[in-house]
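Bear in mind that the values in this text are calculations on the coordinates, not laboratory data. Since the model is a prediction, treat every value here as computed from it, not as a measurement. Cβ placement follows ideal geometry from the backbone for every residue including glycine, while neighbour counts extend to all protein chains displayed.
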Amino acid sequence: MATPLLQVEHLEKSYGDVHILHDINLTVATGSVTVLLGPSGSGKSTLIRCLNGLEDFQSGQLTFSGEPVTPSPKVWQKLRQKIGMVFQSYDLFPNLTVLDNILLGPLKVQHRAKAEAKEQAIKLLKEVGLADYQDSYPRQLSGGQKQRIAIVRALALNPDFMLFDEVTASLDPEMVRGVLEVLRNLAQQKMTMLVVTHEMNFAREIADQVVFLEEGHILEVTPGKQFFENPQTERAQIFLNSMDF
Amino acid sequence: MHSGISILFAGQNFSRLLGGLWISAKISIVSLVIGIALGILLGALRTVKNPILRVILRLYLEFFRIVPTVVLLFLFYYILPKNFNVNLNAQAVAMLVFALWVGAEMSDIVRGALISVPQHQCEAGIAIGLNGPQLFRYVLLPQAIGLMIPATINLMTRVIKTTSLLLLISVMDVINIGQQIIEANRQTHPDGAFWVYGLIFILYFLLCYPLSAWARHLERQQDNNA
Amino acid sequence: MSWIVIQQSVPVFAQAFWLTLKLSFYGIIGAIILGLIASFLRYFKVPVLRQISAVYTEVSRNTPLLIQLFFIYYAFPEIGIKMSATAAGISGLIFLGGSYMAEAIFGGLKGVAKIQVESGLAIGLSRWQLARYVVFPQGLTLSVPAIAANVIFLIKETSIFTVIAIPELTNTALDQIGLYYHTDESLFVLVIAYAIILIPLSLILTWLERRARRGAFGN
């Protein structure tokens, strides 16, 4: 079997006395889409934030592309170029234009040539249908547009792995579709992704595997289709029944 | 030659300096008590939707904000006796000016805190039949008071620091007495200024630092609760 | 009040007016630079220097400018540091203003949303790059109203320069009163002169605050 892109072993995380994540074990295969499901407060966001070092954790081992990760600011700074992340709140830098938002990482972090980085940025903007907006400021865009640009900003670093933390949760319903379309295209291009979402229809369509989390425990890891038709645990069944889709 | 530090403790000097500090403290306390009461009243009035009242109170605030305190002191010190035939001693002039100034600044603090109480709180109060003053007394003020306290403490330190200006209208404050001591000892201790002003510097710091540390502590608490 | 007296005093006051502006300008520029340095040390948690700047901030904010000036002008010569009244005045204003500017600037930096910092980290920016491209540009914009408020505060504080006999506006008015007993006229011109400087600034400040409340950037 090929080396998985990401492996998480026995990860434990607490804030003071509050234990947030218990013995998390997870494998993400290269080119696959993993959807993280669970009720709110189950620790999904915390887990995804642990995977690019925005949260530290008390114990456990991360392995990325076969390389064990020893957490330190320097290591994370390097790894974050390989692991893109998009947040729930569209978080573009308001002081920069769309293009400068996208180019900040490629030029300043990766020190790439401007012409080449710009060409790629424009190509990516075209793919999400926003090529005309490169000189706009974030405040001039709608939520859905900002979120698509946030995705482009992450992709511009040519990451191997993308983390999506409820990227459609703050959007108006009519904006959601455009953003999901971008994720769908990425999946077709075999981008490895870990997605936290409440869009169940979308999750069913896109997931190669579903990780079901409740109260900080992984209750099951099941292939996508199977999870929605026949989940292994009763808790997951209850969760699915409670969702409206 | 003796070091100038000795003049701090020669004769009555130290207690004279503390006596001067007490005059500054007294003026601060009186003007703060009057000014804060005035400010709460004016701050509440500034939330009333009466355009004329608003303009008058706004002009009052801006006048005391724009004119430097030194100038305010001189205005009252010179103009009250000359043009209005009101003869106050310098300490009373200082209390009056500081109280009016505190009132102006305080009215802005109070207004800011009051308008930050969410509108629906007012509506809920009106819905259970509270009248204007009741709404102010039972709904708005209790919720706004926490927000007002840090800024009010900072205003206190500003008043204490501003008492250093009393010297200019010849109040016998700590700095004025300090100058007298330096002058009296200029022959024997030419370095007196270093020690006397150094002591006054420290005295002011000791008065103001605990207050500003307290205000910051409260602000932090509020940030954490927000 | 006599108009002729006022007219005759205009040239003297005009000179004082420009001196007040000049002293304020140097003091404010110096204070902003000092404030930037202090907030920089604090933001990057530079060891030792950061503690020194914290002590400086407390001393500067918790003592009156008048006594700071006395100390600089009368006490410093006794330990071998001599300077002109003008230099002492500007130094005092910088010493006082630096801490106020530092608070204003640091307050702006703290106001930058956490998610902005996180998304900067997420694209691999280093701490320095994060400061350079995200935190400082946004934070400085957020601190503009507070900086403007400090500008007004510092200009008003120049009135205290009169105690070390710098011929700025307040000193000039007191001189006129002392020399010619033109009390009403001198105080009138004095208030007008401060109003000419400070009312426009105060209007700008109100506008800046309103803009800041609405969110200069939007998101």
With r as the distance between the Cβ atoms of B:A127 and C:M83 and R0 = 51 Å, compute the FRET efficiency 1/(1 + (r/R0)^6) and round to 0.05. 0.20
From DSSP H assignment alone, runs of 4+ in chain B each adding -39500 (n - 2.57), the sum over residues rounded to the nearest 500 puts [θ] at 222 nm at -26000 deg cm²/dmol
Expressed in angstrom, Rg and Dmax over the Cα atoms of the protein assembly as shown are 32.1, 101
How much net charge surrounds C:H182 when only other residues with a Cβ under 14 Å from its Cβ are counted (Lys, Arg +1; Asp, Glu -1)? -2
Mind ranking B:72-80, B:158-166 by how tightly packed they are, going by the mean number of other C-beta atoms within 10 angstrom, highest first? B:158-166, B:72-80
So what is Rg over Rh here for the stretch A:176-239, counting just Cα atoms and using Kirkwood for Rh? 0.98
Taking only the Cα atoms of the stretch C:3-214, how large is their convex hull per residue, in Å³? 131 Å³
Can you give the % of DSSP beta bridges in chain A that are antiparallel, to the nearest 5? 55 percent
For A:Q232, what charge total do you get from the other residues with a beta carbon under 14 Å from its beta carbon, if Lys and Arg give +1 and Asp and Glu give -1? -2
Distance between the stretch B:121-189 and the stretch C:1-65 - C-alpha centres, whole angstrom: 23 Å
Just checking the output field for C:157-163: average partner chain Cβ neighbours within 10 Å of each residue's Cβ? 5
Tell me, what is the FRET efficiency for B:L45 and C:I196 to the nearest 0.05, using R0 = 22 angstrom and their Cβ-Cβ distance as r? 0.15
log₁₀ I(q)/I(0) of the stretch B:5-225 at q = 0.07 Å⁻¹, via Debye over equal Cα point scatterers, no solvent, to two decimals? -0.30
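Just want the ordering: A:T27, C:T206, from fewest to most Cβ atoms lying within 10 Å of their own Cβ.
On the way: A:T27 17, C:T206 13.
Ascending Cβ contact count within 10 Å gives the list C:T206, A:T27.
What ranking do C:63-74, A:156-167 get when scored by the average of other Cβ atoms within 10 Å per residue, highest first?
The peptides rank, most packed first, as C:63-74, A:156-167.
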If you average the C-alpha positions of the stretch B:86-109 and of the stretch C:147-219 separately, how far apart do those two centres end up, in angstrom? 19 Å
Taking every residue of B:203-211, the Cβ atoms of other protein chains inside 10 Å of its Cβ average out to 3
Which length gain, in nm to one decimal place, applies between C:K45 and C:R132 when the Cα-Cα distance is subtracted from 0.36 nm times their residue separation? 29.8 nm
Hey, got the dipole for chain B? About the Cα centre, +1 on K and R Cβ, -1 on D and E Cβ, debye to the nearest 20? 360 debye
Summarise the partner chain shielding of A:85-96 as one whole number: the mean count of Cβ atoms from other chains within 10 Å of each residue's Cβ. 6
Cα→Cβ-extended label distance, 7 Å offset, between C:D175 and B:A213, nm: 4.4 nm
For the stretch A:92-141 and the stretch B:17-68, distance of Cα centres in Å: 52 Å
Within-14-Å neighbourhood charge of A:D208 [Cβ basis; K, R +1; D, E -1]: +3
Between A:K225 and A:A2, what is the spin-label point distance in nm, taking each point 7 Å from the Cα along the Cα→C-beta axis? 2.0 nm
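Can you tell me the FRET efficiency between B:N225 and A:S136 if r is taken as the Cβ-Cβ distance and R0 is 35 Å, rounded to the nearest 0.05?
So the FRET efficiency works out to roughly 0.40.
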